Amino acid sequence: MNAETRVTGRLIVAARALTGISTQDLAGSSGVPIETLARMEASGSAWLQPGGDLEAVSRALEAFGAVFIPESDGVGAGVRLKFMRQDVRQIARLEGEGGIVADDDVP
């Protein structure tokens, strides 16, 4: 997460859902108490104040594969799951198996 990316409780919940980790796993990985995580997630769409706990949670979620997307050009902030090296190899293998080339193929 870079300095300009702002995070909300909903983004933390979404990142946890995308990565498939529990609150307990996130607390263990980030070193942030479960009660603090619960307060962060309960904040809903309010921006969380940058600081030690938020940075620790963000780093832990990024280590699990979440990518926070900052607000820009009138589009709201978000979170997505990054492709891991293993995923990219799997996609390349599947695309290389042949078959009919379709319009949805990406150049």
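The values are calculated or read from the model by the stated rules, or taken from the named source; none is laboratory data. Since the model is a prediction, treat every value here as computed from it, not as a measurement. Positions of Cβ are generated from backbone atoms using ideal geometry, with glycine treated the same way; all protein chains shown enter the neighbour counts.
Observations
- Any hit, the stretch 62-81, residues being assigned to a helix (DSSP H, G or I) and touching a strand residue (DSSP E or B) at 6+ places or on another chain (Cβ under 9 Å): yes
- Scanning the stretch 25-69 for residues that are polar (S, T, N, Q) and under 15 Å from Gly9 (Cα atoms) turns up Thr36, Ser43, Ser45, Gln49, Ser58.
- When the helices (runs of 4 or more DSSP H) confined to the stretch 1-50 are screened for residues that are under 12 Å from the mean Cα position of the chain (by Cα) and of a type in the set (Ser, Thr, Tyr), those reaching at least 1 such residues are found at 9-19.
Quick grid of which residues meet (1) without any contact (Cβ under 8 Å) to a residue 12 or more places away in the chain; (2) surrounded by fewer than 13 Cβ atoms within 10 Å (Cβ to Cβ):
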position: Gln24; (1), (2): yes, yes
position: Met40; (1), (2): no, no
position: Val57; (1), (2): no, no
position: Ala60; (1), (2): no, no
position: Ala63; (1), (2): no, yes
position: Ala77; (1), (2): no, no
position: Arg80; (1), (2): no, no
position: Gln86; (1), (2): yes, yes
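- Hey, Asp103 at pLDDT below 90 and outside any helix (DSSP H, G or I) or not: yes
- Hits in the stretch 6-22 - residues which are of a type in the set (S, T, N, Q) and surrounded by 17 or more Cβ atoms within 10 Å (Cβ to Cβ): Thr8, Thr19
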